[in-house]
Number of protein chains: 2
Amino acid sequence: MRIKFNDEYYMKLAYKYAKLAYEKDEVPVGAVIVKNNIVLAKSYNLVETLTDVTAHAEMISITSATNKINSKYLVDCTLYVTLEPCVMCFEALIMSRISKIVYSVSDPKKGGISTQLKKKHKILISSGILQKKSLDLIQRFFKKKRIKFF
Amino acid sequence: MRIKFNDEYYMKLAYKYAKLAYEKDEVPVGAVIVKNNIVLAKSYNLVETLTDVTAHAEMISITSATNKINSKYLVDCTLYVTLEPCVMCFEALIMSRISKIVYSVSDPKKGGISTQLKKKHKILISSGILQKKSLDLIQRFFKKKRIKFF
C-alpha cells in the first residue's frame, strides 16, 4: 500500500511528537513543518524540560526549520500542530511568513486564531484533523495534573 | 559619585546592547532583565544573525533569565527594552509572569501593548525613558536600509 503524504499523514506525525511530550510530563503538543513533502522540523513542547515559557512546540519548529533551510522565512511551508497555536506562536508564525497552518484541537481561550479573529494575515488555516486523539491526549494530561483544560 | 541603580541606569544598559545590534546590522533593539538590582540577562535582537524571526531581544532575555534562575517564572523581575515589545514578545512576557516592563520607544503599529490595549494582564508598564536616543538609533538604522519605520 502506498503512503499518502496528506494532511492526515503529517498530523499523525505531529501527534507522535505530542505523545513524546506526554511521556516527558510536558503539556502534550507536537508540531512538524513541511515543505514540498519534506519534513523540515519535528518538535514537541519543552517548557518544563527547558524551564522556558517560550519553548512551545511551534517556536522550536520555526527555529529548527528556518535553521535547516537557512532562511528566516517559511514561504510555501505548512505547520501541523496538535493544538491551536497560542498568541505568541501565531505571531511568530505570521512573522515567519508561513503559508499554511493545520491544527488539530481548537483552543478558544488562548488560541491565537480563535481569540484574534480580526487579525489580518495571509496564512491558510485548517483545523480538526485527528481532533479526537489529540484532545484525548491533552485531556488525559490535565486530568493527571488535576487541572481543567477547557 | 555613587551610581544610582534606577530605571534610567538599566535602560542605558539596554541601549548599549541596542548599539551592539546596530553594529551587527540588526534592527537595533536591546533588552535587559533585572531582579533586585541583579542583571539576569542582557541581549539584543539577533534575527538576521540567527536567521530566526523569533530571536527578538526580549525572547532571548526571557530564555536567558529563566535559565539563570532555573525557574520558568520571572516574578519580581523587570524587563528594560529600547523598543515596545511586539505581540509575540508581550505574550511571552505575560506567560513568564514578569512583574514590570519598562520600554523606551513606543511602537503604535506592531507593539503588543499599544495594539492590544484591552488585553488583561498584571504587568506594571512604563515607557519613555531614553526615548530620544533609542528612537534616533532605530531611525538611523531604517534610514540606512531605506525603510520607513513609523
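The values are calculated or read from the model by the stated rules, or taken from the named source; none is laboratory data. This structure is a prediction, so every number in the text was calculated from the model and none was measured. Neighbour counts run over all protein chains shown; Cβ positions are idealised from the backbone, glycine included. All accessible areas refer to the heavy atoms of the entire protein, side chains included, with ligands and DNA or RNA removed. Shrake-Rupley method; radii C 1.70, N 1.55, O 1.52, S 1.80 Å.
When only alpha carbons are used to place a centre, region B:88-150 and region A:33-74 end up 25 Å from one another. With a 10 Å cut-off around each Cβ of A:43-53, the average count of Cβ atoms from other chains is 4.
Restricting attention to chain B, close to 55% of DSSP beta bridges with both partner residues there are antiparallel.
Helix A:7-23 axis versus longest C-alpha principal axis of chain A: approximately 40°, rounded to the nearest ten. Between rounded, prolate and oblate, where does region A:1-93 land on the alpha carbon gyration tensor, with a ≥ b ≥ c its root eigenvalues, rounded for a/c under 1.5, else prolate if a/b exceeds b/c? Here region A:1-93 falls in the oblate category.
Among residues of chain B, the one whose Cβ lies closest to the rotation axis carrying chain B onto chain A, together with that distance rounded to whole Å, is B:M88, 3.
Estimated purely from DSSP H runs of n ≥ 4, each contributing -39500 (n - 2.57), the mean residue ellipticity at 222 nm for the protein assembly as shown is -11500 deg cm²/dmol once divided by its residues. In nanometres and ascending order, the distances from the B:I3 label point to those of the other copies are 5.7 (point 7 Å from Cα along Cα→Cβ). By the scheme Lys and Arg +1, Asp and Glu -1, what is the net charge of all other residues having a beta-carbon under 15 Å from that of A:Y80? Charge balance near A:Y80 sits at +3. Put simply, chains B and A cover up around 1800 Å² of each other's accessible surface, both sides summed, when a 1.4 Å probe is used. On a per residue basis, region B:1-51 carries 58 Å² of accessible surface, using protein heavy atoms and a 1.4 Å probe. Per-residue 3J(HN,Hα) values for region A:80-91, derived from phi via the Karplus relation 6.51 cos²θ - 1.76 cosθ + 1.60 with θ = phi - 60°, read 10, 9, 6, 10, 3, x, 6, 4, 4, 5, 5, 5 Hz in sequence order (x marks Gly and Pro). For chain A, the relative contact order is 21 percent, taking Cα pairs closer than 8 Å that sit 6 or more residues apart in sequence and dividing their mean separation by the residue count. Sequence-distant contacts, meaning Cα pairs under 8 Å at least 6 residues apart, place the relative contact order of region A:37-126 at 23 percent. For B:K100, inter-copy separations between label points set 7 Å beyond Cα along the Cβ vector come to 4.9 nm, shortest first. Against the main long axis of the alpha-carbon atoms of chain B, helix B:131-144 sits at an angle near 40°.
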